[in-house]
Ligand SMILES: C=C(O[C@@H]1C=C(C(=O)O)C=C[C@H]1O)C(=O)O
C-alpha cells in the first residue's frame, strides 16, 4: 500500500488508559478492547474457524516516535517491525503492528513466524507479562481501513519486549453486529 493512501502517516497518536475511554465505549467493544488474554484466540473463537493471519510487513526499521517513547528507547534505535491483518473469512477484522527493540531479541526466530500468529506463540510462553492497555479512537496510522478503536500494550517474556498495537476495523463491527463504538 502506498503511504499517500494512509489516513495520516505522520500523525501523532494520543494514547490514554483504557479506563479513560470506558464512558465513551459500548459494553460490547469494551469486552474486546480491554481483554488481556490472546486476541488471536478470541478472534479464532468469534470467526468460527475462518481465522487467518495475512502478513503485510516484516522487517527491521526505526520506530515511530510514540513507539520509541512507549518502549523507552532512542528514536534512532533499530526495531523488528511486523504488521499483519487478522482476518475472518478472508475479511480483515483487525490490523496489528508489533515492534520489538533489536536488543531484546535473544534467539527468538520471529522472522520465521510468517503467517502464524505472534500471539499464539507469545501466549504459550511461561511467565508472559502484559503492561496496561492504552486506547485511541484514531485509525491505524499504517493502514487505510477505518475502525472504531485501537489499543496497545507492552508484552514481556524474559528480556524480550514487544509493543503490540491492534486496531479494530469497521468490517469486524459489521460482521459481528457490534455498535459503531
Ligand atoms: C498479541 C497477540 O498477537 C496478535 C498477533 C499478531 C501477529 O501475528 O503479528 C500481532 C498482534 C496480535 O493481534 C494476541 O493474539 O493477543
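The values are calculated or read from the model by the stated rules, or taken from the named source; none is laboratory data. Here the structure is a predicted model, which is why all the values come from computation and not from measurement. Cβ: placed from backbone, ideal geometry, glycine included. Neighbour counts: every protein chain shown.
Which of the residues that make up region 98-120 are in a strand (DSSP E or B) and either within 8 Å of the ligand (Cβ to nearest atom) or over 24 Å from residue 169 (Cβ atoms) (or both)? Hits for region 98-120 are 98, 101.
Quick one: would you say residue 164 is in contact with a strand residue (DSSP E or B) (Cβ under 9 Å, 6 or more places away or on another chain), assigned to a strand (DSSP E or B) and closer than 14 Å to residue 86 by Cβ? Yes: the conditions hold for residue 164. Note on region 72-94: among residues that are under 16 Å from residue 162 (Cα atoms) and part of a strand (DSSP E or B), the one that is farthest from the ligand (Cβ to nearest atom) is 79. Taking the numbered list (1) more than 9 Å from the ligand (Cβ to nearest atom); (2) under 20 Å from residue 44 (Cα atoms) in turn, residue 166 passes all entries but (1). Among residues of region 101-129 that are more than 16 Å from residue 43 (Cα to Cα), those with a beta-carbon under 8 Å from a residue that is more than 9 Å from the ligand (Cβ to nearest atom) and part of a helix (DSSP H, G or I) at least six positions away or on a different chain give the pairs 101/71. Would you confirm whether or not region 136-155 contains a residue that is assigned to a strand (DSSP E or B), more than 14 Å from the ligand (Cβ to nearest atom) and surrounded by 15 or more Cβ atoms within 10 Å (Cβ to Cβ)? Checked against the condition, which is being assigned to a strand (DSSP E or B), more than 14 Å from the ligand (Cβ to nearest atom) and surrounded by 15 or more Cβ atoms within 10 Å (Cβ to Cβ), region 136-155 yields at least one hit. Taken over region 95-119, residues that are within 16 Å of residue 161 (Cα to Cα) and surrounded by fewer than 15 Cβ atoms within 10 Å (Cβ to Cβ) amount to 6. Take residue 85 and decide whether it is exposed (fewer than 12 other Cβ atoms within 10 Å of the Cβ) and at pLDDT 95 or above. When the stated conditions are applied, residue 85 does not pass them.
Residues in region 30-51 that are under 26 Å from residue 66 (Cβ atoms) and within 16 Å of the ligand (Cβ to nearest atom): 31, 32, 33, 34, 35, 36, 37, 38, 39, 40, 42, 43.
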